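**Q** Just passing along the structure, written as structure tokens.
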């Protein structure tokens with residue numbers, strides 16, 4: 001059966017198996033250990049660096065930011081009580097075996113990060129288990145998922161040409177059921193379901209558990225994984241504030257130029273940058289025309305996270321989250337399992353809502369949050385202590401949160417983006433089977449190492 005995962009696996013060797021079986025850099029003379037430069041110190045780059053360091057390969061990681069982790073971004077919102085929130089990647093799924101095993105290997109503890117979803121819709125509040133799709137909708141969704149599993153490869157490729165909203169409407173999903181799917185599932189994609197591929201959506205839901213991969217996060221913050229990988233690699237091998245501005249490939253070598261004037265030479269390069277910033281680099285020779293077109297075609301979702309610290313957890317449920325039909329969209333308890341009387345809620349907005357929310361002043365954002373919570377909890381502003389906001393759409397080094405494959409893109413542009421260019425290999429969640437998850441970032445970083453070792 002054709003799925004996103006086995007479509008990728010036809011082109012990519014399982015990374016750990018390949019590394020275990022390969023002779024180190026068999027493409028090079030015996031006893032010669034080439035130099036590898038990794039562009040980006042997000043999880044993809046750090047996972048690649050960790051694997052290379054285990055083989056004793058000389059490597060350097062270049063990172064444009066002043067911090068590690070890329071789009072994994074834990075932030076301490078209360079120093080005294082050591083309360084942390086995630087402004088970037090949030091969830092590890094129970095099926096994300098690679099990141100789970102890596103955390104076990106590195107001694108990082110996972111905490112339950114599942115939620116009990118409440119709903120605020122058309123001015124009415126519904127607690128967990130007080131709302132659901134209609135029976136007719138649930139039956140139709142079950143039938144659609146069953147039918148999907150029996151589709152031919154050709155029909156799945158046809159399904160990739162239809163957006164999820166149109167597919168649901170054509171199959172009789174309507175009214176509040178369609179509203180609920182839009183409000184809930186758009187948080188998965190980071191954009192409206194009107195733009196999401198029906199194939200990608202159905203494929204994800206077929207392979208998902210009931211919690212849709214919203215199961216765990218790392219105790220102390222997901223950034224601990226990035227920091228621990230960096231320690232294993234060696235901090236001296238990781239250069240921060242090194243934005244790459246040029247890549248020149250001549251013969252069997254690559255020269256990297258950074259914005260500060262540093263020049264570094266390597267035999268192989270692993271580029272983990274989002275495509276949104278890849279074209280800012282001067283490539284010599286230039287990237288192939290089809291890769292440039294694919295880079296231009298791929299969009300990144302717009303997500304804004306607005307964390308508010310309160311002096312009490314007035315929601316009275318450690319597993320509280322809330323879907324709303326208002327501009328603040330989705331709330332969840334961001335300090336779950338962190339011991340304190342204080343607590344933080346994050347307002348998570350996507351697409352146009354995220355763009356509008358991010359443009360507000362702090363007072364404006366507070367008003368939107370307060371208006372969403374007031375019908376349920378009354379005056380919550382009196383409990384507010386501090387706010388932190390991050391809009392990934394305006395992030396200088398990402399310009400989006402995670403890759404968003406629209407209609408008719410998965411089978412067409414993803415293989416082009418994954419394909420190496422001379423001595424440069426590519427990695428990152430944008431070429432992973434699950435966009436937006438740490439699992440995908442790690443797997444592609446390790447896959448790039450496997451390709452080099454081959």
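**Q** Taking 8 Å as the Cα distance limit and 6 or more residues as the minimum spacing, I'd like the relative contact order of region 144-285 as a percentage.
**A** Reported as a whole number, the value is 17 percent.
**Q** Counting pairs of alpha carbon atoms under 8 Å apart in space and at least six apart in sequence, what relative contact order in percent does region 132-207 give?
**A** Values: 59 pairs, mean separation 32.2, N = 76.
Once normalised by length, the contact order is 42 percent.
**Q** Measure out, as a whole number of angstrom, how far apart the alpha-carbon centroids of region 434-454 and region 328-407 sit.
**A** A separation of 30 Å, based on Cα centres.
**Q** Let me ask something additional. Which peptide among 373-384, 330-341 comes first, and what is the full order, when sorted by highest mean count of other Cβ atoms within 10 Å? Display every interim value, and only then the final one.
**A** Numbers: 373-384: 14.5, 330-341: 18.9.
Highest mean packing first, the order is 330-341, 373-384.
**Q** How would you rank 72-83, 361-372, highest first, on the average number of other Cβ atoms within 10 Å across their residues? All intermediate terms of the calculation are to be shown ahead of the outcome.
**A** Numbers: 72-83: 17.3, 361-372: 15.4.
So the order, starting with the most tightly packed, is 72-83, 361-372.
**Q** Percent of Cα-Cα pairs per 5 Å bin, from 0 to the last occupied bin, for region 132-207, please list those.
**A** Computed distribution, short to long bins: 3, 16, 29, 30, 17, 6, 1.
**Q** A further question on this structure: Report the FRET efficiency, 1/(1 + (r/R0)^6), for residue 219 and residue 289, where r is their Cβ-Cβ distance and R0 is 60 Å, rounded to 0.05.
**A** E(calc), rounded to 0.05, equals 0.80.
**Q** Let me ask something else. Rank the residues 262, 325 as a footprinting-exposure proxy: fewest other Cβ atoms within 10 Å of their Cβ go first.
**A** By the 10 Å Cβ count, ascending, the order reads 262, 325.
**Q** With label points built 7 Å along Cα→Cβ from the Cα atoms of residue 105 and residue 53, find their separation and express it in nm.
**A** Result: 1.2 nm between the two label points.
**Q** Let me ask another. Give me the mean projected area, in nm² to one decimal, of the convex hull enclosing the Cα positions of the chain.
**A** With the hull built on Cα positions only, its mean projection is 21.6 nm².
**Q** Something else: In degrees between 0 and 90, to the nearest 10, how far off the longest principal axis of the chain does helix 43-54 point, with axes built from Cα atoms?
**A** That works out to roughly 40 degrees.
**Q** Let me ask another. Could you tell me the center-to-center distance, by alpha carbons, between region 129-208 and region 72-101 in angstrom?
**A** What the calculation gives is 28 Å, centre to centre.
**Q** Can you work out the FRET efficiency for the pair residue 35 and residue 116, with r the C-beta to C-beta distance and R0 = 51 Å, to the nearest 0.05?
**A** With a Förster radius of 51 Å, E is 0.50.
**Q** Pop a pseudo-label 7 angstrom from the Cα along the beta-carbon direction at both residue 174 and residue 130 and give the gap in nm to one decimal.
**A** Each label point is offset 7 Å from its Cα along the Cβ direction, giving 2.9 nm.
**Q** Grab the beta carbon distance between residue 153 and residue 194, set R0 = 30 Å, and tell me the FRET efficiency rounded to 0.05.
**A** With R0 = 30 Å, the Cβ-Cβ based efficiency is 0.70.
**Q** Can you tell me, using C-alpha contacts under 8 Å and at least 6 residues apart, the relative contact order of the chain as a whole percent?
**A** Across the chain, relative contact order equals 26 percent.
**Q** Take each of the peptides 36-42, 191-197, 130-136, average the number of other beta-carbon atoms within 10 Å over its residues, and list them starting from the highest.
**A** 36-42, 191-197, 130-136
**Q** Please give, to one decimal in nm, the separation of the simple spin-label points placed at residue 352 and residue 265, each 7 Å out from Cα toward the Cβ.
**A** Going by the 7 Å Cα→Cβ label model, 5.4 nm.
**Q** Next question. If you take the C-alpha gyration tensor of region 57-121, multiply each eigenvalue by 5 and take the square root, what semi-axes do you get, largest first, in whole Å?
**A** They are 26, 19, 14 Å, listed largest first.
Every read-out reported here was derived from the displayed coordinates using simple, explicitly stated rules and does not represent laboratory data. Quantities reported herein were computed from a predicted structural model and do not represent experimental measurements. For neighbour counting, all protein chains shown are included, and Cβ atoms are generated from backbone atoms with ideal geometry for every residue, glycine included.
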